[in-house]
Amino acid sequence: MSISHWLALFVFVFALSTTACAKLKKDNNPAPAGGGGHTGTTPSSSSSSPSSATGPATETTWAATATSLNGADGQTLTLACPPGGEPHSVWGTDIYTADSSICTAAVHSGLITFQQGGTVTIELRPGKTIYGASERNGVTTNTYGSWDHSFVFKTPNTEKILRAAQDVTPVLWNTSATVVGFAPGKTLMFLCPAGGKPSSVWGTDIYTLDSSICTAAVHAGKISIESGGPVTLEMRPGESSYKGSLRNGIKSSDYEQYGSSFVLK
């Protein structure tokens, strides 16, 4: 074969191999969607990802508090409490201090149980001047005064529950009026549970601020131990002395000078 024939054959083979390589590159790198082209029927990850408020539940622990989540007021978070939980400290009723155990508060609210755990959604909220205490579903919460941040559970009845919680503060029978910062003339409404156990009271009609609110209300004839109920107190300056008495099955005690008082309206 002449040199000219060999040269022609080489050019033909080279052109054929270049075309094959170009096709292989095109097949392995399809044109990207966009720029006026069709994007297909599968939505992008950015459009299908749920927001943090409605996203999948985040695993948590029974000791976890809203404070530990470092969230902002108004933020909504969904959390999964594991089964086999143990109770931790909680302050408040329906509206809880941010440093309360979220899972334990959820048991108190009747949303989950210690045995089974479960998923709950909370909303972070500003603080309150007072948080009530109550016994529900095997959990007894504590009263507390002013705290910077709170949380509530999001349910279909949230707003109705919160309106009630804003109007009256539930307390236990050993709760005294010292839970609230003292301010003469301040009027507050509390709710005493039924079936109470009387606690200490000093005075008659005018009571020392550290007297049991509910027990003083029975002594004053406002409620009964059996039924409990709402009571309204007004803070007053202290007295030089307090005289005890026996009324409505409650024996109050004498006391000398005390710096602050309350009366029941």
Practice problem: For A133, work out the one condition from (1) within 22 Å of C192 (Cα to Cα); (2) not aromatic (F, W, Y); (3) not in a loop (DSSP other than H, G, I, E, B) it doesn't fulfil. | Solution: (3)
Self-check item: Test: W202 is out of contact with any helix residue (DSSP H, G or I) (no Cβ under 8 Å at 6 or more places or on another chain), within 23 Å of L69 (Cβ to Cβ) and surrounded by 16 or more Cβ atoms within 10 Å (Cβ to Cβ)
Solution: no
Quiz item: Does segment 94-107 contain at least one residue that is exposed (fewer than 15 other Cβ atoms within 10 Å of the Cβ), in a loop (DSSP other than H, G, I, E, B) and not hydroxyl-bearing (S, T, Y)?
Solution: no
Quiz item: For T113, are the conditions met, namely being without any contact (Cβ under 8 Å) to a residue 60 or more places away in the chain, farther than 21 Å from P170 by Cβ, surrounded by fewer than 22 Cβ atoms within 10 Å (Cβ to Cβ) and hydroxyl-bearing (S, T, Y)?
Solution: yes
Self-check item: Candidates T129, T155 - the one that is loosely packed, with under 15 Cβ neighbours inside 10 Å, farther than 19 Å from G110 by Cα and in contact (Cβ under 8 Å) with a residue 40 or more places away in the chain
Solution: T129
Quiz item: Which ones in segment 192-222 are of a type outside the set (S, T, N, Q), closer than 17 Å to S240 by Cβ and part of a loop (DSSP other than H, G, I, E, B)?
Solution: D205, L209, D210
Quiz prompt | Identity of the residue in segment 132-152, of a type in the set (V, I, T) and surrounded by 16 or more Cβ atoms within 10 Å (Cβ to Cβ), that ends up farthest from I112 (Cα to Cα) | solution = T143
Practice problem: Within segment 215-228, identify whether any single residue is within 22 Å of W91 (Cα to Cα), loosely packed, with under 14 Cβ neighbours inside 10 Å and within 28 Å of the chain's Cα centre (by Cα), and answer yes or no. | Solution: no
Quiz item: How many residues does segment 153-171 contain that are within 16 Å of T97 (Cβ to Cβ) and not polar (S, T, N, Q)?
Solution: 5
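Any read-out appearing in this document is the output of simple, stated calculations on the displayed coordinates, not a laboratory observation. Since this is a predicted model, take the numbers as computed values, not measurements. With ideal geometry, Cβ positions are generated from the backbone for all residues, glycine too; neighbour counts draw on all protein chains shown.
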